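Down below is the structure, laid out as C-alpha cells.
Bear in mind these aren't lab numbers, they're just calculated from the coordinates by the rules spelled out. Since this is a predicted model, take the numbers as computed values, not measurements. Cβ placement follows ideal geometry from the backbone for every residue including glycine, while neighbour counts extend to all protein chains displayed.
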Ligand code: UD1
C-alpha cells in the first residue's frame, strides 16, 4: 500500500493523429483506476481539425489534453523535429517516470526519442508490427521506436517474433492484444445509435466503405488515377461511401482529378467522420476497401470482408486469421475480389487472440509491477 506521502507516478501519454486517439482512450481510463498514477495527456497537434481530432475526444470521452504542442502539418523533418523540441520542454518541466507512445506516427518516434535521451522509461503500445516496406514512413517510425523503448506491448504474436528476430531482449516484450479493439468493443452499442445511414440515405449491406490516405497511394499521380478508375468500375456494381481524408482531398485537387469524381454517380464522398459514425458504417458495409492499418483490424473483429489497397500489411494476422485480403492497386485483382464478395464468396475469419477488450487492463497490470 502506498502511504499518503508517496509521490504519484507521473505518466505522460502521447497522442497526435486520429488513430492514436482511439488507442489512448482505454489506456487513460485504465490509468485513472489506479491512484498511484498521475496521467498527463500530451496532444502534439499533428491532427487539428475538429473532424480529425476534437470529435474523437468528445465521443471517446478523452479528457482535455494537459498540453497541446500545436505541431500541425509539415515535411517529416519539420513535423518530427518540432514535436521533439516542444515535447522536450514538457518532459523537463514534468519529469515523468514513464512516457507511453502508441502506434507508428511521427510523434511516436519523436516523443520516444526525446524521453529515452532524458533517461525516462518508454512504453510502446502496438510494438513489433512490420510491413518490411521501408518506403512507408510508419515502418521507419515502428523500427526506431521499438529499438529505443523499454516496454514493448504487442498486439499479435507475429509482433513478438519480429522483435526477437531484430535482437530485442525478450524480457522487454509483452503480448497483450490489440488496444484499438478495447475501444471498438466498448463503443459498439453507442455506435449502433448513429444516424449516418439515414443521413447519407443508404441501406445496410448496399454499399462498400472506403478509406484512402496513404502517401504511397494518394501522393503518386499514376497510382491514384488507377485507383479512381477502379472505383469507377466498382461503383457501377455497388455504391461506395468515402469519408475523405484531408491529404487525399488536397492531392485530388492538386492532380486535377475532380473530373473522375464527377463521372461517378455512386461514389459518395463525405467529410471525415467521427468514430461512432465510422464504426456504424463499417458494421453495416458489404465490405471495406482500405489502406489504413487500424481499419484492417476493426473489419476482422466485425467480420466484414476487407480488401487492403496496399502491396503489404504490417498486420498479417488480419490476413492469416481475419477477413483481410491484400489486393494492392492492381485493377484486375481488386475487381476479382470485389466480384467474389458480391457473389457471396467473401472471406470469413476468426478473431485473433487477446483482441477482447481487455488489452489496456493487461498493459497497466504489467506496468504496475515494472515501474
Ligand atoms: C498521419 C500518419 C499516418 C496515419 C494517419 C491517420 C505519419 C507519418 N503519418 O498521416 O501514419 O495513418 O495520420 O490519419 O505520422 N490535415 C488537415 N487536418 C488535420 C490533419 C491533417 O487538413 O486535422 C492535412 C495536413 O495539413 C496535411 C495532410 O492532411 O496536409 C496530412 O496530414 P499529416 O498529419 O501530415 O499526415 P497523415 O496523412 O494524416
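A few notes on this one:
- Flag if residue 276 is under 17 Å from the mean Cα position of the chain (by Cα) and not in a helix (DSSP H, G or I): no
- Residue, surrounded by the most Cβ atoms within 10 Å (Cβ to Cβ), within segment 62-100, restricted to residues that are away from the ligand (no atom under 16 Å from the Cβ) and in a loop (DSSP other than H, G, I, E, B): 96
- The set of residues from segment 1-53 being within 23 Å of residue 73 (Cα to Cα) and free of Cβ contacts under 8 Å to residues at least 12 places away in the same chain comprises just one member, 50.
- Test: residue in segment 105-115 that is surrounded by 14 or more Cβ atoms within 10 Å (Cβ to Cβ), under 18 Å from the mean Cα position of the chain (by Cα) and not in a helix (DSSP H, G or I): yes
- Selection over segment 213-240 of residues that are away from the ligand (no atom under 14 Å from the Cβ) and either within 19 Å of residue 310 (Cα to Cα) or in a loop (DSSP other than H, G, I, E, B) (or both) gives a count of 18.
- Considering segment 28-54, the residues that are under 15 Å from the mean Cα position of the chain (by Cα) and in a helix (DSSP H, G or I) include one that is nearest to the ligand (Cβ to nearest atom), namely 52.
- Selection status of residue 132, surrounded by fewer than 23 Cβ atoms within 10 Å (Cβ to Cβ) and part of a loop (DSSP other than H, G, I, E, B): yes
- Test: residue in segment 328-344 that is closer than 17 Å to residue 213 by Cβ, outside any strand (DSSP E or B) and either under 19 Å from the mean Cα position of the chain (by Cα) or more than 16 Å from the ligand (Cβ to nearest atom) (or both): yes
- Test: residue in segment 81-90 that is on the phi < 0 side of the Ramachandran plot and in contact with a strand residue (DSSP E or B) (Cβ under 6 Å, 6 or more places away or on another chain): yes
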